[in-house]
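Report on the structure given below.
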Amino acid sequence: MKAKTQLTGRVIFKGDPGYETARKNWDPHTDRFPKVFVFAKKTRDVANAIKWAREHKVPIRPRSGRHALETNLSQVNGGLVIDTSELKKITLNKKSNTAVVETGNRVGRIVDTLARQGYMAPFGDSPSVGIGGITPGGGIGPLQRTTGLISDNLLALEMVDAKGRIIRASKKRNSDLLWASRGGGGGNFGVYTKYKFKVRRAPVRATVFSITWPWEQFEEVVKAWQRWAPFTSTKLGSELSIGPKKGGNVSMLGVYLGCKKKALKFLQPILSVGTTTKRDIQSLPWLQATKFLLAPDPILPQKFSNQFSSGFGRRPFPDKAFKYMREFLEKAEGGTPAGFYFLNWGGAIRKIAPRATAFYWRDPQYYVEWNSSWVKPSHAAKNIALARNTRKKLQPFIVGSYINVPDQGIKCSGPVYYGKNFARLRRVKAKYDPQNVFNNPQSIPPAK
Ligand SMILES: Cc1cc2nc3c(=O)[nH]c(=O)nc-3n(C[C@H](O)[C@H](O)[C@H](O)COP(=O)(O)OP(=O)(O)OC[C@H]3O[C@@H](n4cnc5c(N)ncnc54)[C@H](O)[C@@H]3O)c2cc1C
């Protein structure tokens, strides 16, 4: 093919000023040396970039919020990164209870914009995650038991396909693409430029809580949490984090969409466990409640690299799982954000059938992830091995894995991320990207 397309938008080639800044992802372990970055200013820039990449035979990576948790997802050596982060429009329609957001928005900006107008949409634990990447993978967080996943609220989308064509998907047209984009993961079908979400009136106030326990009590707390959190009020979302033995603690952050009195009643079973070292439980106006839950990312003295792995629990961990968890937490490097994280499942998530959207893992009781982290590149191998070996040990006690918190150590990963939806995802892939232009180490291969 003769090269004829010009790159448009803000274009940064290797060697240009701004290249190093463009290259910095949230996790330095995922930084690469692409040939060129295109920061799209409009959908047409995305289309031109795709055509240009195909004419020049360079690999493509879509990128929005730079929070990829594995390598070669939103950057690749010698490739073209199509970055949507400068597409930032948010339009709330109060009549239809919908919001159209361009995919360059970060979660915190959307939550804040909606909250100031009395609306809410689900979010995770960090304001800086990109809506571009979090949405197609699912989007889990403390409101999910009431609102469903972020992807459960996705009503329509705009995407640029491998030929540079602008495709729209909704229940009425290209409904298979909408189905696949609700859990199939970013980077598979094309570059998303707009999402239309269902939004809800926000409550006037909500009760938020932040509770901590000493690290030594983690086993007691996790055991109690696993028997309590999946079964408590579906208006209560709870994130439980356990840090490394060296310097870590146990902390629980969450929200109850109701008054403080009722929140205290629902929290009682977990508050009565161990000896809490901090109990901050407050009823706040909705906007303040979102700030409490989505505090600005901590300013860390240095950047940490991470190896994550994730899964879902269908029943409480047996003692053997706690043994492996303890071994991991004892080996994890101190002074880093390593540890375990649990989020309660159920409620609105379970009400949707596993095959109704591409997000398959609907029936577990909780989500679990763990990450090992490091600063010195020479510590990478041992930390990656620590997280991946822990997966092997915990495998009998978990199912599946979350595509937004991937682990490239998982072999034959399709059914692990997508369960019985994998075959259909491959067929949708064959329809929208038969030549597998949008690929990455664990992307969905087109059906033959
Ligand atoms: C600090 C932190 C906190 C997190 N917390 C949560 C949480 O609470 N809940 C949760 O569900 N997840 C969470 N995640 C995981 C997060 O959902 C994924 O890392 C997500 O893929 C990030 O999207 P992004 O746009 O920021 O990242 P990027 O690095 O820009 O992209 C990540 C992936 O999505 C693809 N992608 C990005 N934009 C587009 C687009 N416009 N079109 C097509 N594909 C695209 C990329 O190609 C890549 O494969 C967290 C991650 C981090 C680092």
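The values are calculated or read from the model by the stated rules, or taken from the named source; none is laboratory data. Everything numeric here is computed off the predicted structure, so don't read it as measured data. All Cβ positions, even for glycine, are placed from backbone atoms using ideal geometry, and neighbour counts span all protein chains on display. Areas reflect the complete protein model, heavy atoms only, side chains present, ligands, DNA and RNA absent. Shrake-Rupley method; radii C 1.70, N 1.55, O 1.52, S 1.80 Å.
Within the listed set LYS420, LYS382, LYS265, the residue fluctuating most in the Gaussian network model of the chain (springs between alpha-carbon atoms under 10 angstrom) is LYS265. Across PRO318, PRO301, PRO285, mean-square fluctuation computed from a Gaussian network of the chain (C-alpha pairs under 10 Å connected) peaks at PRO301.
For the stretch 70-220, the relative contact order works out to 25 percent when only alpha carbon pairs closer than 8 Å and six or more residues apart are counted. When the chain is treated as a Gaussian network with alpha carbon springs shorter than 10 Å, the biggest mean-square fluctuation among THR30, THR113, THR21 belongs to THR21.
Based on C-alpha pairs under 8 angstrom that are at least 6 apart in sequence, the stretch 205-397 has a relative contact order of 28 percent. Here the relative contact order of the chain, from alpha carbon pairs under 8 Å that lie six or more residues apart, stands at 16 percent.
Listed by chain and number, the aspartates and glutamates whose C-alpha is less than 18 Å from the C-alpha of LYS429, apart from same-chain residues fewer than 8 away, are GLU158, ASP161, ASP176.
By the scheme Lys and Arg +1, Asp and Glu -1, what is the net charge of all other residues having a beta-carbon under 10 Å from that of GLU158? Computed value for this residue: +2.
When its C-alpha radius of gyration is set against 2.2 N^0.38 Å (N residues), the stretch 205-397 gives a value of 1.05.
What the stretch 1-47 shows is 55 Å² of accessible area per residue, with the surface traced by a 1.4 Å probe over protein heavy atoms.
For the set LYS14/LYS51; LYS291/LYS331; LYS35/LYS393; LYS35/LYS420; LYS303/LYS323, the pairs lying more than 28 angstrom apart at their alpha carbons are LYS291/LYS331; LYS35/LYS393; LYS35/LYS420; LYS303/LYS323.
Can you tell me how much longer the chain between LYS14 and GLN117 gets when fully stretched, taken as 0.36 nm per residue apart minus their C-alpha distance, in nm with one decimal?
Residue separation times 0.36 nm, minus the Cα-Cα distance, leaves 32.9 nm.
Taking 0.36 nm per residue of separation and subtracting the current Cα-Cα distance, fully stretching the chain between LYS320 and ASN436 would add 37.6 nm. Counted by Cβ distance under 12 Å from LYS351, the other residues give a net charge of +1, where Lys and Arg count +1 and Asp and Glu count -1.
Note on ARG173 and THR21: the model spin-label points, each 7 Å out from Cα along the C-beta direction, lie 3.9 nm apart.
Subtracting the Cα-Cα distance from 0.36 nm times the residue separation, let me have the gained length for PHE231 to LYS89 in nm, one decimal.
Extra length from PHE231 to LYS89 when fully extended: 47.3 nm.
Quick one: net charge of PRO316's neighbours, Cβ under 10 Å, K/R +1, D/E -1? Summing Lys/Arg as +1 and Asp/Glu as -1 gives +4. Over the stretch 284-419, accessible surface divided per residue gives 41 Å², non-protein components excluded, 1.4 Å probe. Restricting attention to the stretch 10-83, close to 35% of DSSP beta bridges with both partner residues there are antiparallel. The apolar share of the surface of the chain, taken as the fraction of accessible area on carbon and sulfur atoms (1.4 Å probe, ligands and nucleic acids excluded), comes to 54 percent.
Per the helix-only calculation at 222 nm, which mean residue ellipticity applies to the chain, given -39500 (n - 2.57) for every DSSP H run of n ≥ 4 and division by its residues, nearest 500 deg cm²/dmol?
Values: 14 runs with 123 residues, N = 448.
That calculation yields -7500 deg cm²/dmol at 222 nm.
Find the centroid of the Cα atoms in the stretch 146-160 and in the stretch 193-265, then give the distance between the two in whole Å. When both Cα centres are located, 23 Å separates them.
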